[in-house]
Amino acid sequence: MSTRILLDTHALLWYDSEPDRLSATSRAVIQRRETIVLCSAASIYELWQKAMKPKSPIQPEHVESVLRHLPVYGFTLLPIETNHAANAAILKWSNRDPFDRIIAAQAIAEDCSIVTCDTAFKRLKNVRIVW
């Protein structure tokens with residue numbers, strides 16, 4: 001049976017550039033043959049947004065590397081569907097970060113766990129976390 005996971009933005013970036021920053025559990029789940037790894041289109045936007053800021057530790061080449069490696073890793077880019085956007089807007093959660101809200105809504109809609117070390121997601125009862 002396959003496991004479906006959605007990488008939070010930092011997990012996606014770290015897997016590509018600094019995999020040792022991921023927990024051993026996260027790396028193991030991502031690398032299992034039967035794991036279906038999803039990456040949100042919102043994460044790509046978030047990475048580009050951060051890369052375009054002056055003095056950001058995330059540079060355009062980091063985002064380009066992530067995009068180039070998605071198919072190499074066998075990861076699937078998850079588009080933002082209408083139900084994802086609508087559910088993110090009405091999600092009962094105090095977190096106002098639009099990227100976190102989209103990722104949470106996608107994880108709920110797509111029935112997958114989120115790979116993240118962001119403790120804010122723990123406040124959502126219907127979201128499973130892998131870390």
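Provide the gained length on full extension for the span residue 69 to residue 89, in nm with one decimal, where the gain is 0.36 nm per separating residue minus the Cα-Cα distance.
4.1 nm
Each label point is 7 Å from the Cα along the Cα-to-Cβ direction; what then is the distance between the points at residue 122 and residue 61, in nm?
About 3.7 nm separates the two model spin labels.
log10 I(q)/I(0), Debye, Cα-only the chain, no solvent, q = 0.21 Å⁻¹?
-1.33
Loop sites only, by DSSP: take the GluC sites (Glu not before Pro) in the chain that have at most 14 other C-beta atoms within 10 Å and name the longest stretch containing none of them.
Free of exposed loop sites, the longest segment is 82-131.
Select from 117, 5, 79 the residue farthest towards the positive end of the dipole of the chain; place +1 on Cβ of Lys and Arg, -1 on Cβ of Asp and Glu, and compute about the Cα centre.
Positive-most Cα among the choices belongs to 117.
Using the Cα centre of the chain as the reference point, and only Cβ charges (+1 on K/R, -1 on D/E), how large is the resulting charge dipole? Debye, rounded to the nearest 20.
For this selection, approximately 380 debye.
Can you give the FRET efficiency for residue 4 and residue 51, using 1/(1 + (r/R0)^6), R0 = 35 Å, r = Cβ-Cβ distance, to the nearest 0.05?
After rounding to 0.05, the efficiency reads 0.80.
So for the chain, averaging the separation of alpha carbon pairs under 8 Å that are six or more residues apart and normalising by length, what relative contact order in percent results?
Dividing the mean separation by the residue count of the chain yields 31 percent.
Read-outs: derived from the displayed coordinates by stated rules, not from any lab. Nothing here was measured: the structure is a model prediction, and the numbers come from that model. As a convention, Cβ positions derive from the backbone with ideal geometry for all residues, glycine included, and neighbour counts pool all protein chains shown.
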